[in-house]
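The values are calculated or read from the model by the stated rules, or taken from the named source; none is laboratory data. Please read all numbers here as calculations on a predicted model, not as lab measurements. Neighbour counts are summed over all protein chains in view; Cβ atoms, including those assigned to glycine, are modelled from backbone coordinates with ideal geometry.
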Amino acid sequence: MAEWYKDWFADEDYLKVYCHRDDTDAEILIGTILSNIKIPVNAKILDAACGAGRHSILLAKKGFLVTAFDLSQTLLNMAVENSRSLGLDINFITADLRTIQLEHEFDLILNLFTSFGYFEKDEDNYKFVQKAFNFIAPGGYFVLDFLNRNNLLRNFKSRSQRLIQDMKILEERGIENDRIVKRIFLKRDGNQKEFFESVRLYSKDEIIYHFEEIGYKVYKIFGNYHGKPFDENDSERLIIIFNR
């Protein structure tokens, strides 16, 4: 299941499983980010692994020049449809984090909603981080929104289930080779689908070390979407704003 994300992000039920990560959720995070950085009113922004475009659309509504990419054509199609219905001009691109090539400089690069750590090799996980350093305009920023390893391990649940409309969702979790792995079973009308997730459990210190090796500098760190200070054990999220 090395490329689990290809099947899972192409499935129509993916967004239903994560429906709690909605536009309101995105507005809070984008508000926190923008209130803590200084970028031009017509800044160029890159949304990496943009999914269905929640954050891209919010930023375009604010007048920013947005480019966004994702590997999932299914999610990108939704993003394009939603943005066009609102009359927004967003440059959506189908691309892989490891191989994308861009010519423009950006004032802000975003990698949000744990769209990091998917790949088996560390070098693959950091390939985009390395490339992005060359895409950032002088004085620009890179924002990583990731899980907090310590909090996840302290509050680890091996099994949970919930019901969304007519779909029963069963999630079984484990820790394997320093990764959080999750098997997701979706049951509806007597039918069942199974999907898989696997994310490398990087710690805050590991992430900062690798980013600083590339040349990034830590600007600010938060522990949730509202901008609460980061706590190693209690914070649900690890949100780091880097600059160069």
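Do we find that residue 145 is in a strand (DSSP E or B), acidic (Asp, Glu) and either farther than 20 Å from residue 5 by Cβ or more than 16 Å from the chain's Cα centre (by Cα) (or both) in this structure? Answer is no for this residue. Restricting 88, 97, 108 to residues that are hydrophobic (A, V, I, L, M, F, W, C) and under 18 Å from residue 220 (Cβ atoms) narrows the list to 108.
With respect to residue 136, determine if the residue is without any contact (Cβ under 8 Å) to a residue 40 or more places away in the chain and under 23 Å from residue 50 (Cβ atoms). Criteria not met by residue 136.
For the range 47-65, the criterion of being touching a Cys at 6+ places or on another chain (Cβ under 6 Å) and free of Cβ contacts under 8 Å to residues at least 60 places away in the same chain is met by at least one residue.
Among strands (runs of 3 or more DSSP E) entirely within the range 62-128, having at least 1 residues that are at pLDDT 95 or above and farther than 20 Å from residue 214 by Cα singles out 65-70, 91-94. When 193, 182 are screened for being part of a strand (DSSP E or B), touching a Phe, Trp or Tyr at 6+ places or on another chain (Cβ under 8 Å) and within 27 Å of residue 48 (Cα to Cα), only 182 passes.
Residue count for the range 223-242 satisfying the condition of being surrounded by fewer than 18 Cβ atoms within 10 Å (Cβ to Cβ) and outside any loop (DSSP other than H, G, I, E, B): 1.
Restricting attention to the range 1-27, the residues being surrounded by 14 or more Cβ atoms within 10 Å (Cβ to Cβ) and not in a loop (DSSP other than H, G, I, E, B) number 10. On the basis of being basic (Lys, Arg), farther than 19 Å from residue 119 by Cα, surrounded by fewer than 17 Cβ atoms within 10 Å (Cβ to Cβ) and at pLDDT 95 or above, does residue 220 make the cut? Spelling it out, it is not the case that residue 220 is basic (Lys, Arg), farther than 19 Å from residue 119 by Cα, surrounded by fewer than 17 Cβ atoms within 10 Å (Cβ to Cβ) and at pLDDT 95 or above.
Restricting attention to the range 196-217, the residues that are of a type in the set (Asp, Glu), buried (at least 18 other Cβ atoms within 10 Å of the Cβ) and part of a helix (DSSP H, G or I) add up to 0.
Set side by side, the residues 51, 63 differ, and just one is in contact with a helix residue (DSSP H, G or I) (Cβ under 6 Å, 6 or more places away or on another chain) and within 20 Å of residue 81 (Cα to Cα), which is 51. Contact annotation: residue pairs with Cβ atoms under 6 Å, 6 or more positions apart or on different chains, pairing a residue in the range 2-20 that is touching a residue at least 40 places away in the same chain (Cβ under 8 Å) and over 22 Å from residue 96 (Cα atoms) with a partner that is of a type outside the set (D, E, K, R) and exposed (fewer than 15 other Cβ atoms within 10 Å of the Cβ), are 16/164. I'd like the residue in the range 48-61 that is of a type outside the set (A, V, I, L, M) and outside any helix (DSSP H, G or I) and, out of all such residues, is surrounded by the fewest Cβ atoms within 10 Å (Cβ to Cβ). Residue satisfying both the conditions and the ranking: 51. Please tell me if residue 151 is more than 21 Å from residue 213 (Cα to Cα), modelled with pLDDT of 95 or more and buried (at least 18 other Cβ atoms within 10 Å of the Cβ). So residue 151 fits the description; yes. Just so you know, in the range 132-142 the residues that are at pLDDT below 95 and outside any strand (DSSP E or B) include one that is surrounded by the most Cβ atoms within 10 Å (Cβ to Cβ), and it is 135.
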